[in-house]
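S.K.: Would you mind keeping the following structure in view while I ask a few things?
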Amino acid sequence: MTTGEPGWAAGVPNDVEMWRHELRRLGWAAGCAPALALVAAVAVVALTAGEGLERPQASLVLLTGLEALLPLAVAMAATSVVAAGRARELHLSLPTPYAMVLGRRLGLLAAATSAVAVVFTGAIWAAGLWSGPSLVASPLLWAPAVAWLGGLAVLVALVTRSLLLATTVAAGVWLAHQLFAASFAAHAWSRPLYLFPVSRLDAYPGWMTDRLVLTATVAPLAAGVLLLLRRPERMLTEEEA
Amino acid sequence: MDIAITGLRRSFGRVTALRGVDLTVRGGMYGLLGGNGAGKTTLMRIMAGVIAPGAGQVRIGGYDLTTRSGRRQVQRRLGYVPQDLGLYPDLSPREFLDYVALLKGLDDSAARRRQVEELLDVVGLTGVAGRRMKGFSGGQRRRVGIAQALLGDPALLIVDEPTAGLDPEERIRFRTLLAGLAGQRTVLLSTHIVEDVAQTCHETAVLAAGQVIYSGSVADLTRAAEGTTWQMSSAGAPPIEGVVVSAVARETGTQFRVISPARPSPDATSVAPTLEDGYLALMQRHSSTAVG
Ligand SMILES: Nc1ncnc2c1ncn2[C@@H]1O[C@H](COP(=O)(O)OP(=O)(O)OP(=O)(O)O)[C@@H](O)[C@H]1O
Ligand SMILES: [Mg+2]
C-alpha cells in the first residue's frame with residue numbers, strides 16, 4: 001500500500017512529511033528571501049568591482065548585506081507567512097493549533113536564514129573580505145537584528161491583521177535606522193537599540209554588550225507574539241471574519 | 001455526538017451576532033436555516049472551535065467548548081467545511097488531503113494514504129487527484145472540502161452552506177452524499193435552500209437575528225403553514241395580504257401561492273404546505289411579533 005502507488009513517495013517518516021509540507025507552504029519566495037538579500041550584496045560588489053572598488057568598500061557592502069539587508073528580507077518573509085496564509089478558518093478547526101503551524105513555518109525561515117548567513121560569513125572570511133568585529137561572534141551581527149525586525153513585523157501583522165501595514169512598519173523602522181544612525185549612537189540609552197552599528201557607524205565600542213542588550217529586548221516582542229497567537233481568532237483577517 | 005447549547009451569546013464589537021441561543025441536537029442529519037446575517041456561521045464557528053463562545057454553555061459530546069482543552073477534544077472528532085473554503089491552489093487534492101490528515105494526527109502513513117485514496121473516490125475526485133487545485137470549479141472545490149472534513153472518520157460533521165453556487169444536479173448529489181454520511185454520525189448543515197433540508201433532515205432549527213425561533217421536526221415546521229397557504233388566480237395585481245411564495249403567469253391570469261393567516265381573496269383555495277411555506281410562515285409570524 002505504501003509503495004508503488006501513484007503519487008505517493010515510499011517510506012518517508014511522518015515528521016519528515018510534515019516538515020516537507022510546511023516547507024512548501026513557506027513557499028519559494030519567502031524561503032529564498034534571505035539568500036536573495038545576500039546575493040544582492042554580492043551582486044553590488046560584482047557590478048562595481050570593475051570600477052575600481054577598494055577592498056574595504058567591498059567588505060562594507062558585504063557586511064551591510066548581512067547586517068541590514070538580511071533582517072529586512074526576513075521581516076518581509078515572516079510577515080507574509082503570518083498575514084498571507086491561506087485556509088486559515090480550516091486550520092483553526094483542526095486539532096493541530098494554527099500557532100504551531102505558523103511556528104513551524106517561521107522555524108523553517110529561521111533555519112534558512114541561519115544557514116545562508118553562516119555560509120555567507122564563511123565565504124567572505126575565506127575571500128579575505130571579512131571586516132566584522134569577531135568571526136566567532138559573527139551571528140551577533142545579524143541574528144539580533146533579524147529577530148528584532150522580524151518580531152516587530154509579525155507583531156504588527158497579528159495586531160492589525162494587515163500585510164500592508166506590517167511590511168510598511170518594518171520597512172519604515174529599517175529606513176529610520178539607516179537615515180538616523182548618528183542620532184541613535186548619540187545617546188547611551190538608544191545606542192544598544194541601534195540595529196546596524198557595524199555597517200553604519202565608524203566606531204562601535206562595547207559592541208558585544210550592546211548586541212546582547214538588543215537581544216534581550218526581543219523578549220517582550222516575542223512575548224507579545226506568543227500572547228496574540230493564543231487567541232486564534234486574531235488569525236482571521238477582516239474579510240474572513 | 002450530542003450537542004447541548006444554552007444561553008449562548010457572542011458579539012463582535014458593537015454587533016451582537018448571537019443573543020441567547022438554546023439548541024439541542026442528538027445525532028443524525030440536522031438542518032440549520034436562517035436568512036443572511038442570522039448568525040449561522042458564527043454558531044458553527046463556535047461549535048468548530050474556530051472562535052470562542054462569548055457567554056453561555058456549549059457542550060459537544062460532553063466536552064465544554066468554553067475551555068481550550070474542550071475545544072481541542074472536539075476538534076479531534078470533528079470535520080468542518082467552512083462557508084468560505086480557502087484551499088491551497090498550488091497543491092493537488094491528494095497532497096492537500098495528505099497535509100490535512102497529518103494535521104489531524106493520522107500518523108500511520110499506510111492507513112493515511114489508504115484513507116486519502118478512499119475519500120478521493122467517495123467524492124469522485126480520483127480523476128483529478130494529481131492536478132493542482134488552481135482553476136478547480138466551485139463543485140470540485142466543495143468536494144475537496146467534504147473529503148478533507150471526512151478524514152479521520154469524525155463523529156461530528158459541520159458543513160456551512162455546502163450547496164451554495166452548485167448546479168441543481170451537483171447540489172442534489174451533494175446533499176445525498178451528506179445524508180448518506182449521517183448514518184453513523186451527527187451532521188450539521190446550514191443552508192439558505194429550504195429544499196435541501198426538506199429532502200435530507202428530520203430535524204431542523206431556524207435562526208433569526210441571533211436567536212433560535214424554531215427547533216424541532218421538519219414535519220412540524222411544515223405544519224406551521226397549514227391553513228395559511230393559499231392558491232389563487234388574479235388578473236395581474238398581486239394580493240395585498242400575505243407573502244407571495246410564487247407567481248406563475250397563465251393565459252387566464254397570474255396564479256399566486258400566498259402565505260396569509262386570513263383568506264387573501266374570496267376565490268383563494270387552501271392548499272397543503274411545503275417546508276418552504278412553513279419556513280416563510282414562521283418568518284412572517286416572527287417579524288410581525290418582533291415589530292408589534
Ligand atoms: N468577525 C466578525 N466581526 C464582526 N461582525 C461579525 C463577525 N462575524 C459575524 N459578524 C456579524 O454577526 C452577524 C451574524 O453573521 P453570520 O456570518 O453568523 O451570519 P450567517 O447566518 O452565517 O449569514 P449568511 O447566511 O449570510 O452566511 C452579522 O451581522 C455579521 O455582520
Ligand atoms: Mg454564513
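S.K.: Non-local amide H neighbours of residue B:158 (under 5 Å, H modeled in plane, Pro and chain starts lacking H): which ones?
M.R.: Hits under the 5 Å cutoff: B:79, B:80, B:81, B:188.
S.K.: Provide the net charge surrounding residue B:211, with neighbours chosen by a C-beta distance below 13 Å and charges set as Lys +1, Arg +1, Asp -1, Glu -1.
M.R.: +3
S.K.: Nearest 100 Å² is fine: how much accessible area is buried between B and A, summed over both sides, with a 1.4 Å probe?
M.R.: Using a 1.4 Å probe on protein heavy atoms, the buried area is about 3500 Å².
S.K.: Here's something else I'd like to know. Taking chain B as a Gaussian network, Cα atoms linked when under 10 Å apart, which of B:253, B:130, B:183 shows the biggest mean-square fluctuation?
M.R.: The residue that fluctuates most here is B:253.
S.K.: Select from the range B:91-150 those trypsin sites (Lys or Arg not before Pro) which occupy a DSSP coil region and have at most 12 other Cβ atoms within 10 Å, ordered by residue number.
M.R.: B:134
S.K.: Quick one: among A:67, A:54, A:22, which has the greatest mean-square fluctuation in a GNM of chain A with alpha-carbon springs under 10 angstrom?
M.R.: In the Gaussian network model the winner is A:54.
S.K.: Express the carbon and sulfur contribution to the solvent-accessible surface of chain B as a percent, rounded to the nearest whole number, probe 1.4 angstrom.
M.R.: Taking all protein chains in place, chain B shows 49 percent carbon and sulfur surface.
S.K.: Would you kindly derive the ³J(HN,Hα) couplings of the range B:175-185 from the backbone phi angles with the Karplus curve 6.51 cos²θ - 1.76 cosθ + 1.60 (θ = phi - 60°), listing them in order in whole Hz, with x for Gly and Pro?
M.R.: Those phi angles translate into 6, 5, 4, 4, 4, x, 7, 6, x, 9, 9 Hz.
S.K.: Using θ = phi - 60° and the Karplus form 6.51 cos²θ - 1.76 cosθ + 1.60, what ³J(HN,Hα) does each residue of the range A:81-92 get, whole Hz, x for Gly and Pro?
M.R.: 4, 7, 9, 10, x, 9, 6, 5, 4, 5, 4, 5
S.K.: Nearest 500 deg cm²/dmol is fine: what mean residue ellipticity at 222 nm does the protein assembly as shown get from its DSSP H runs of n ≥ 4 alone, each adding -39,500 (n - 2.57), divided by its residue count?
M.R.: Helices in the protein assembly as shown give a 222 nm mean residue ellipticity of -16000 deg cm²/dmol.
S.K.: Give me a single rounded figure for B:66-79: the average over its residues of other chain Cβ atoms within 10 Å of their Cβ.
M.R.: 2
S.K.: Probe radius 1.4 Å, ligands and nucleic acids ignored: give me the carbon and sulfur share of the accessible area of the range A:93-161 as a rounded percent.
M.R.: So the carbon and sulfur contribution to the accessible surface is 77 percent.
S.K.: Compute the relative contact order of chain B as a whole-number percentage, counting only Cα pairs closer than 8 Å that sit 6 or more residues apart in sequence.
M.R.: In percent, rounded to a whole number, it is 20.
S.K.: On average, how many beta carbons from a partner chain sit within 10 Å of the beta carbon of a residue in A:83-91?
M.R.: The per-residue average across the peptide is 6.
S.K.: Put a dot 7 Å past each Cα toward the Cβ at residue A:86 and residue A:160; how far apart are the dots in nm?
M.R.: Spacing of the two 7 Å Cα→Cβ label points: 2.5 nm.
S.K.: Just counting partner chain Cβ atoms within 10 Å, what average do the residues of peptide A:17-26 show around their Cβ?
M.R.: 3
S.K.: Please compute the net charge surrounding residue B:143, taking Lys and Arg as +1 and Asp and Glu as -1 over other residues with Cβ under 12 Å from its Cβ.
M.R.: Value of the local net charge: +1.
S.K.: Another question, then. Using a Gaussian network model of chain B whose springs link C-alpha atoms within less than 10 Å, name the residue from B:191, B:163, B:252 with the highest mean-square fluctuation.
M.R.: Looking only at B:191, B:163, B:252, the biggest GNM fluctuation is shown by B:252.
S.K.: If you don't mind, there's one more thing I want to ask. Using the heavy atoms of the protein chains and a 1.4 angstrom probe, tell me the accessible area per residue for the protein assembly as shown in square angstrom.
M.R.: 45 Å²
S.K.: Could you work out how far apart the two model spin labels at residue B:114 and residue B:134 are, taking each label as a point 7 Å from the Cα in the direction of the beta carbon, and quote it in nm?
M.R.: 3.5 nm
The values are calculated or read from the model by the stated rules, or taken from the named source; none is laboratory data. Quick caveat: nothing in here was measured; it's all calculated off a predicted structure. A quick note on method: Cβ atoms are made from the backbone with ideal geometry, for glycine too, and the neighbour counts reach across all protein chains shown. Surface accessibility is based on the protein's heavy atoms, side chains included, excluding ligands, DNA and RNA. Shrake-Rupley method; radii C 1.70, N 1.55, O 1.52, S 1.80 Å.
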